[in-house]
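Worksheet for the structure shown next.
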Amino acid sequence: MMNLAIEVSKTSTPESVLFWILGPACVLAALGMVLAKKAVHSAILLASVMIILAIFYIAQDALFLGIVQVVVYTGAVMMLFLFILMLVGVDTSDSLTETIPFLRPIAILSALGFGGLLITLIGRATLGHPMVGLTEVNIEGNVPALSQLLFSKYVWAFEVVSALLVTAALGAMVLAHNHRLVARPTQRDLSIARFRTGSLATAAGLPNPGVYALHNAVDVPALLPDGTPSDASISAMLVARGDVLESLPFQLPAKGGDE
Amino acid sequence: MTSNSLVYLIALPLFGSAVLLLAGRRSDRWGHILATVLSGSAFVVGLVQFAQMLGRSNDQRAVTQKLFSWISVGTFKVDASLMLDQLSICFVLLITGVGTLIHIYSIAYMSHDLDRRRFFAYLNLFIAAMLLLVLGDSYLNLYVGWEGVGLASYLLIGFWNQKPAYATAAKKAFVANRVGDLGLSLAIMISFATMGTVSFAGVKEQAGHASTGALTAIGIMLLIAATGKSAQFPLQAWLGDAMAGPTPVSALIHAATMVTAGVYLITRSNFIFDAAPTAQLLVAIIGAITLLFGAIIGTAKDDIKKALAASTMSQIGYMVLGAGLGPAGYAFAIMHLLTHGFFKAGMFLGAGSVMHGMDDEVNMRRYGGLRKFMPITFATFGLGYLAIIGVPPFAGFYSKDKIIEVAFNAGGIKGITLGGAALLGAAITAFYMTRVVILTFAGSKRWDDKAHPHESPALMWLPMVLLAVGSVTSGIIFTHGNSLQNWLAPVVATSPAHEGELLKPAVVSILALVLVLAGVGLAIMKYLRKPVPSEAPTDVSIFTRIARRDLLQDDFNEAVFMRPGQKLTEVLVATDELLVDGAVRGVAHITQSTGRTLGMTQTGFVRSYAMWILLGAIGLLATIWVVTL
Amino acid sequence: MKWLTSLMLLPLLGAVLVATLPKAKELLAKQLAFGTTLVVAVAGIAMATQFQRDNVDLQFAESHSWIPTFGINYAVGIDGIALVLILLSVLLAPIVVLAGWNEAVGGRWSVKGFYVLILILETMMIGVFAASDVFLFYVFFEAMLIPVYFLIGGYGTGARAAAAVKFLLYSLFGGLLMLASIIAIYVISGEQGGHTFDINALSQLRLSSTTENLLFLGFFIAFAIKAPLWPFHTWLPDAADSATPGTSVLLLGVLDKVGTFGMIRYCLTLFPHASKTFTPVIIVLAVISIIYGAFLAIGQKDFKRLIAFTSISHFGFITLGIFAMTSQGHSGATLYMFNHGFSTAALFLVAGWMASRRGSSKIADFGGLQRITPIMAWAFFFAGMSSLALPGLSSFVSEFLVLVGTYTRYPVAAVISAFGIVLAALYILLPIQRALHGPTTDGNESLTDLNLREKIAIAPVLAVILVLGFYPAPLLNVINPAAAHSIAKAGFSDPLSAIDSKGATK
Amino acid sequence: MNAANYLYVSALLFSIGAIGVVVRRNAIVVFMCIELMLNASNLAFVTFARINGNLDGQVIAFFTMVVAACEVVVGLAIIVTIYRSRRSASVDDASLLKR
């Protein structure tokens, strides 16, 4: 067959320095993303991959895309990811045991094979002409040149894509909208449930937290008539945060009427 | 010669049948009269034709009438066309004459039956079909009548089909006849394939050019057809059961007319048999076997109708034997056919008359001494009896002796064997017919007091008397100056082979008479001198038992055809279910299970689908990789 | 006047009218459907009177471009054979509607739906016989399955869904084989001077013998399934068992004829050499069908299945006649198609009436009907006699022509097939004896005889059977030129009789 | 250095993303891997634009970004919906495709 080496002219030395530093870093970050146990770590590593790609874009005379990559991807999309992660639970992490038999080895092998095939194919491919470079095209600047194309040759696709964006936004809203699966419980239902399920002790309502002049009382459990503090009288959130104070120090000394 | 009136012969009774069947119960009151009148008119038309025929010279006598072109495809051209010649007219007169008499008889005989109208409709249908059979000018036209009489016979045997045994008998007759029909249809096919024509005239003309092999094949097929319709060996088994039909039917269809159609067919096809000696010899052999076969069965039957049926089978055996003897015998076969038509029909009607007076009892052992109670019946039956055993000058003497004589003169071992068989048959005939007469009319009474035997009404005995007259005189008329032989000469080549005569006619007659007397004597010894038990004795020899079982004909058919056939049907039904349809269902099953197996790859886990996509992509890449190598 | 198109549009129009009726107006739907089919029948007869017998070209031809990209035309035109089959379709349709006046009740869908389907089916039946464009034929061939599928699956009895699916899959299998052949022959036509689906143009193609054989098989298997020829027959008994009597009549009486019609029109015309090559095999299959169908009919315990198997036997005769390649065989086969339609219609309709009265189609459940319902018994007897080819009834003429035609070329096949005559007597007389004769058995005492509507429905069928038995000339005159033409096109001529051929050699 | 090197990186990133899609079970991580694959292809587009000397590759990459954004929006909304009803973000739990 023919000579398969790509006949592209050499790039500048600074660029090759840049590539040889950032390239491996990029691949390592991507690997880390896949291997990281926590989703948050994956997200941060992906963000770094994207920033490196943005630099590659700029290095390849795609200034506009590089900026967009940073703004849209790293800025907006990755934030969306993190936001959802928070919603779903930052701490949720994959269990590492594989449930589908043989999936993991097959996946790794086939991905290696895929990469190998792709790389050898690229290695063998030829364009039949030397690298042209974008200097000529970008003569008026990358953004005007791109916009020229976008609003002439690709204007139809551009319009369709805008419609797609609107549709996606609408779709996301519809999906995220919380559909009620059962009818909203009425007050009557709630009170019936209170009497049916809870103990009669709590049926009348939980006790209010204690009110003492010496401290903001919301974080102090109320004292029951027998003198014991009631945990039910304060918010569970405060307990979780550990912001609960002891009730006893604020207790007034008992009047010794009988003494 | 052409004629425009032949069609009326068929159309009249056909019209009657159609009217009676379509009008239904509305015609109950007058249906039988209409049918009888129409049958009688057909007889008159036949007589007129006969008179006209007599007025023409010998070679001008045949008349034809083309009705329309029936089937015409390529070179296969068959007209619906009728032909009346010297042979047909004999049959026409016999069918319409005896038929009309039996119509008259039936008016009285069936008067108590609610379905009498239907009976007459079938009778008329039979007359029409039988006339078509003898009038058709080609084998295919004949075939229509051939199956038509089969249908009428089926309907009439099964007339009381609410009795399962009768319905079975009807079906048996139809199926046995169909086997014969198969032979006829094959004969037609062969003759078309070899001679390019199926008309009698055409085949007669071409027969000389056809190969002997083809002609022999046609002849054998025609013989099979004849054995089916005429209850000859080996398709004889249905005739005994056919007695399930009302007695007039037995007289008309299963004695006088339909069962003789085979003899007609062979005689009509004389040009084929004369050119195919092997087939002709087979015809004679079949006739000889059957005449003995029927005679032996006749000796063992206690049912008067079945005894007469066996006798019919035997007598038709004589006719077939006669027809199988070639030009020398055709005329005598036809003569015996005609005389037999008279005396056997008369005897059947007599039997019907006896049954009529005996509350439908058919067992002769329960009769006895009836001559005092039924003098007319006894007289007519007796005349018929004398005719059938061949006592001169009654009709049977002339016709049967001629056949025996011709058989002896056929030459060589063939002649002696066939003649001997015929002679032996005559003796046995004398024995069993004497037995019938003695058991029925002579001896002491063996019926219980519930029966009140009485003479039948005039409507019934009048036909019997007329038939008895025929039994007495017809033989003399037919042989007087060889009248029948000469009459038939243009149709069948009648060349009495006098050279090398083995026995003189007188010798044959004397021999036959001696043997007949021996038979009669034996019967008298056995049944008149000794009291007859009213139950059939059971401690009898194996031969008697076999004879009572109709010489095992049904056992043979059941063992060889029916049961293997049923088994085959069962096996085929199972095969169809299991193998043929099973293959189809198997394919369906394989498809289903393949689907189920492949469905297991559909785990529902999105990651495994992603895996498949990845593998697909690899496949694609690998293909590109290999292709660009 | 565009006879064929009008004839196809009429029932379609009726179907639309019936479809627009409100669901509750069942009687009106029936009357409208009956009226439509009657009008179509009259129109069909009127068309037949305009037919020129001795003209062997396709008559009443029309051609309009349909899908020009692929050279597909809406092209119709009929010869004598197609005319006879169209007549059969249009004559049976009103009889079916009238005879099965109440059979749509109790179906899965509405009553009017039944009649809409019947009317659509009628259009397709006419279309499939009229098409002279192979692609148009294929479209009708496959589209016909749809109404039948719903007629069986929606209005049948018993395991109707399974039977309907079996019918559909069987037919689709054959249809797809045929489609492959059609596409192949289309491609070949493109290589030899222009893509076309026109049957006359396609018959002029030069094909290599292997190609021709394969293409022939594609067509033939489709038709053998449709006709049904052994061993492709097992869908028929199930379908006939489950379908309503009316549907069965159309299915066995008309639809299955598409198979045998296709053999004449397409197999012989397009692939004469392959037809010659495969003739011995097909003759053997046909003979097996005749005998096998007859034996299985004898072994059946159910009227509907019995009639289905008798049909398999009769289709064997038809196929035998076609591939005997003699004018008698061809004319006989075509006539047989018509006659079988009527005699099966009579059998099925009467059996259907018996079954609906008794609530069962098991032969053993009947007994002594002759005394209880004489007219119904007579009608069944008459139909049975026609089925066993009693001379004087129409089937005899066709069966005998087939046998004679076969004998002149294939004597052995004819002789074996002739045994079908005896077996026919058994498979008809056995059920007659069991169901009609003998003492009246329990459950049959109160059956009612045919009413006026049923008598009117069955009378013309029986009349046609009888009249054509004695005077088949009106049909034979139309069929003969077409049959002779199709044999000549397939490159055959009648064998001479032995004597004539001897004379010829001298 | 050769501009094709970018393509090699792109291929590697794509393969790594593919592994992630198949192996990881957290729906959000799976999504991230898909984004990685999209980005890898974008890199290839940009590189080809440079090699061929026209901007069509960049335009396509641009469109890819837009479509990816849409996809992320809808996909994440779906994840949220599923999470809301099943309290899990594992893709294995949503195996409702089977029957």
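Return yes when residue C:101 is closer than 30 Å to residue C:184 by Cβ and surrounded by fewer than 22 Cβ atoms within 10 Å (Cβ to Cβ) and no when it is not. Spell out the reasoning first.
Values: closer than 30 Å to residue C:184 by Cβ: no; surrounded by fewer than 22 Cβ atoms within 10 Å (Cβ to Cβ): yes.
Against the criterion (closer than 30 Å to residue C:184 by Cβ and surrounded by fewer than 22 Cβ atoms within 10 Å (Cβ to Cβ)), residue C:101 does not qualify.
Restricting attention to the stretch B:22-78, which residues are part of a strand (DSSP E or B) and over 30 Å from residue C:408 (Cβ atoms)? Walk me through how you get there before you give the answer.
Just the residues of the stretch B:22-78 that are part of a strand (DSSP E or B), to begin with: B:63-73, B:76-78.
Once the filter is applied, which keeps residues that are part of a strand (DSSP E or B) and over 30 Å from residue C:408 (Cβ atoms), the stretch B:22-78 yields only B:63.
Are there helices (runs of 4 or more DSSP H) fully within the stretch B:532-584 with at least 2 residues that are of a type in the set (Gly, Ala, Ser) and modelled with pLDDT of 85 or more? List them. Steps first, answer last, please.
Numbers: elements: B:542-548, B:553-557, B:563-575.
Result: B:563-575.
Confirm whether residue A:149 is part of a helix (DSSP H, G or I) and closer than 30 Å to residue D:7 by Cβ.
Numbers: part of a helix (DSSP H, G or I): yes; closer than 30 Å to residue D:7 by Cβ: yes.
Yes; evaluated as a whole, the condition is true for this residue.
Scan the stretch B:504-525 residue by residue and report those that are loosely packed, with under 15 Cβ neighbours inside 10 Å and not in a loop (DSSP other than H, G, I, E, B).
B:506, B:507, B:510, B:514, B:517, B:518, B:521, B:525, listed by residue number.
Residues that are at pLDDT 90 or above and either out of contact with any helix residue (DSSP H, G or I) (no Cβ under 7 Å at 6 or more places or on another chain) or surrounded by 24 or more Cβ atoms within 10 Å (Cβ to Cβ) (or both): which helices (runs of 4 or more DSSP H) entirely in the stretch C:359-419 hold 1 or more of them? Before the answer, list the steps.
On the way: elements: C:369-372, C:374-387, C:394-409.
Result: C:374-387, C:394-409.
Could you go through the stretch C:140-158 and let me know if any residue there is of a type in the set (S, T, N, Q), surrounded by fewer than 19 Cβ atoms within 10 Å (Cβ to Cβ), more than 19 Å from the chain's Cα centre (by Cα) and in a helix (DSSP H, G or I).
no
Exactly one of these conditions fails for residue D:32: (1) within 20 Å of residue A:176 (Cβ to Cβ); (2) in contact (Cβ under 8 Å) with a residue 40 or more places away in the chain. Give me its number.
(2)
So how many residues does the stretch B:25-65 have that are over 22 Å from residue B:102 (Cα atoms) and in contact (Cβ under 8 Å) with a residue 60 or more places away in the chain?
Residues that pass the stated criteria total 8.
Would you mind finding the one in B:601, B:591 that is over 30 Å from residue A:121 (Cα atoms) and assigned to a helix (DSSP H, G or I)? Quick ask: steps written out before the conclusion?
Numbers: B:601 fails: assigned to a helix (DSSP H, G or I).
None of the other options fit; the residue is B:591.
So is residue C:389 aliphatic (A, V, I, L, M), out of contact with any Ser or Thr (no Cβ under 8 Å at 6 or more places or on another chain) and under 24 Å from residue C:89 (Cα atoms) or not? Lay out the reasoning, then the answer.
Values: aliphatic (A, V, I, L, M): yes; out of contact with any Ser or Thr (no Cβ under 8 Å at 6 or more places or on another chain): no; under 24 Å from residue C:89 (Cα atoms): yes.
No: the conditions fail for residue C:389.
Does residue B:191 count as buried (at least 24 other Cβ atoms within 10 Å of the Cβ), at the interface with chain C (Cβ under 8 Å from one of its Cβ atoms) and hydroxyl-bearing (Ser, Thr, Tyr)?
Values: buried (at least 24 other Cβ atoms within 10 Å of the Cβ): yes; at the interface with chain C (Cβ under 8 Å from one of its Cβ atoms): no; hydroxyl-bearing (Ser, Thr, Tyr): yes.
No; evaluated as a whole, the condition is false for this residue.
Name the single residue that is farthest from residue B:205 (Cα to Cα) among those in the stretch B:483-500 being surrounded by fewer than 16 Cβ atoms within 10 Å (Cβ to Cβ) and modelled with pLDDT under 80.
Going residue by residue through the stretch B:483-500, those that are surrounded by fewer than 16 Cβ atoms within 10 Å (Cβ to Cβ) are B:483, B:486, B:493, B:495, B:497-500.
Next, only the ones that are modelled with pLDDT under 80 stay: B:493, B:495, B:497-500.
Working: B:493: 14, B:495: 20, B:497: 24, B:498: 28, B:499: 28, B:500: 31 Å.
Taking the candidates together, the pick is B:500.
Is it fair to say residue C:276 is more than 25 Å from residue B:566 (Cβ to Cβ) and out of contact with any Ser or Thr (no Cβ under 9 Å at 6 or more places or on another chain)?
Numbers: more than 25 Å from residue B:566 (Cβ to Cβ): yes; out of contact with any Ser or Thr (no Cβ under 9 Å at 6 or more places or on another chain): yes.
The answer is yes for residue C:276.
With the checklist (1) buried (at least 24 other Cβ atoms within 10 Å of the Cβ); (2) more than 20 Å from residue C:267 (Cα to Cα); (3) in contact (Cβ under 8 Å) with a residue 24 or more places away in the chain in hand, flag the one item residue C:124 doesn't pass.
Result: residue C:124 fails condition (3) only.
Within the stretch B:389-414, how many residues turn out to be farther than 12 Å from residue B:332 by Cβ and part of a loop (DSSP other than H, G, I, E, B)?
7
Select from the stretch B:170-224 the residues that are among the β-branched types (Val, Ile, Thr), closer than 17 Å to residue B:279 by Cβ and out of contact with any strand residue (DSSP E or B) (no Cβ under 9 Å at 6 or more places or on another chain) and list them in ascending order. Before you say what the answer is, go through the steps one by one.
Of the residues in the stretch B:170-224, the ones among the β-branched types (Val, Ile, Thr) are B:175, B:179, B:188, B:190, B:194, B:197-198, B:203, B:212, B:216, B:218, B:220, B:224.
Subsequent filtering for residues that are closer than 17 Å to residue B:279 by Cβ retains B:188, B:190, B:194, B:203, B:212, B:216, B:218, B:220, B:224.
Of everything in the stretch B:170-224, those that are among the β-branched types (Val, Ile, Thr), closer than 17 Å to residue B:279 by Cβ and out of contact with any strand residue (DSSP E or B) (no Cβ under 9 Å at 6 or more places or on another chain) turn out to be B:190, B:194, B:212, B:216, B:218, B:220, B:224.
Might you let me know whether the stretch C:417-434 holds any residue that is closer than 19 Å to residue B:218 by Cβ and more than 8 Å from every other protein chain (Cβ to nearest Cβ)? Write out each step before concluding.
Step one: of the stretch C:417-434, the residues closer than 19 Å to residue B:218 by Cβ are C:417-419, C:421.
Add one more test, that the residue is more than 8 Å from every other protein chain (Cβ to nearest Cβ), and what stays is C:417.
Scanning the stretch C:417-434, I find at least one residue that is closer than 19 Å to residue B:218 by Cβ and more than 8 Å from every other protein chain (Cβ to nearest Cβ), so the answer is yes.
If we only count helices (runs of 4 or more DSSP H) wholly inside the stretch C:163-281, which ones have 2 or more residues that are within 26 Å of residue C:324 (Cβ to Cβ)?
In the stretch C:163-281, C:199-202, C:209-226, C:257-262 are the helices (runs of 4 or more DSSP H) which contain 2 or more residues that are within 26 Å of residue C:324 (Cβ to Cβ).
Among the candidates C:476, C:447, C:462, which residue alone is within 12 Å of chain B (Cβ to nearest Cβ), of a type in the set (A, V, I, L, M) and closer than 30 Å to residue C:358 by Cβ?
On the way: C:476 fails: closer than 30 Å to residue C:358 by Cβ; C:447 fails: within 12 Å of chain B (Cβ to nearest Cβ).
After ruling out the rest, the residue left standing is C:462.
Residues are listed down the side, and each one gets a yes or a no for (1) at pLDDT 90 or above; (2) among the polar types (S, T, N, Q):
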residue	(1), (2)
C:257	yes, no
C:281	yes, no
C:296	yes, no
C:307	yes, no
C:310	yes, yes
C:313	yes, yes
C:316	yes, no
C:325	no, no
C:336	yes, no
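Against the definition (under 30 Å from residue C:104 (Cβ atoms) and either over 17 Å from the mean Cα position of the chain (by Cα) or away from every other protein chain (no Cβ under 14 Å) (or both)), how does residue C:252 come out, yes or no? Reasoning before the result, please.
Details: under 30 Å from residue C:104 (Cβ atoms): yes; either over 17 Å from the mean Cα position of the chain (by Cα) or away from every other protein chain (no Cβ under 14 Å) (or both): yes.
Yes, satisfied.
Can you go through B:371, B:446, B:435, B:365 and tell me which one is touching a residue at least 60 places away in the same chain (Cβ under 8 Å) and outside any helix (DSSP H, G or I)?
Working: B:371 fails: outside any helix (DSSP H, G or I); B:435 fails: outside any helix (DSSP H, G or I); B:365 fails: outside any helix (DSSP H, G or I).
So the residue among B:371, B:446, B:435, B:365 that is touching a residue at least 60 places away in the same chain (Cβ under 8 Å) and outside any helix (DSSP H, G or I) is B:446.
Among the residues that make up the stretch B:571-585, is at least one of them loosely packed, with under 11 Cβ neighbours inside 10 Å and either free of Cβ contacts under 8 Å to residues at least 60 places away in the same chain or more than 24 Å from residue C:300 (Cβ to Cβ) (or both)?
Taking every residue of the stretch B:571-585 in turn, none turns out to be loosely packed, with under 11 Cβ neighbours inside 10 Å and either free of Cβ contacts under 8 Å to residues at least 60 places away in the same chain or more than 24 Å from residue C:300 (Cβ to Cβ) (or both).
The values are calculated or read from the model by the stated rules, or taken from the named source; none is laboratory data. No experiment lies behind these values; they were computed from the predicted model shown. Cβ: placed from backbone, ideal geometry, glycine included. Neighbour counts: every protein chain shown.
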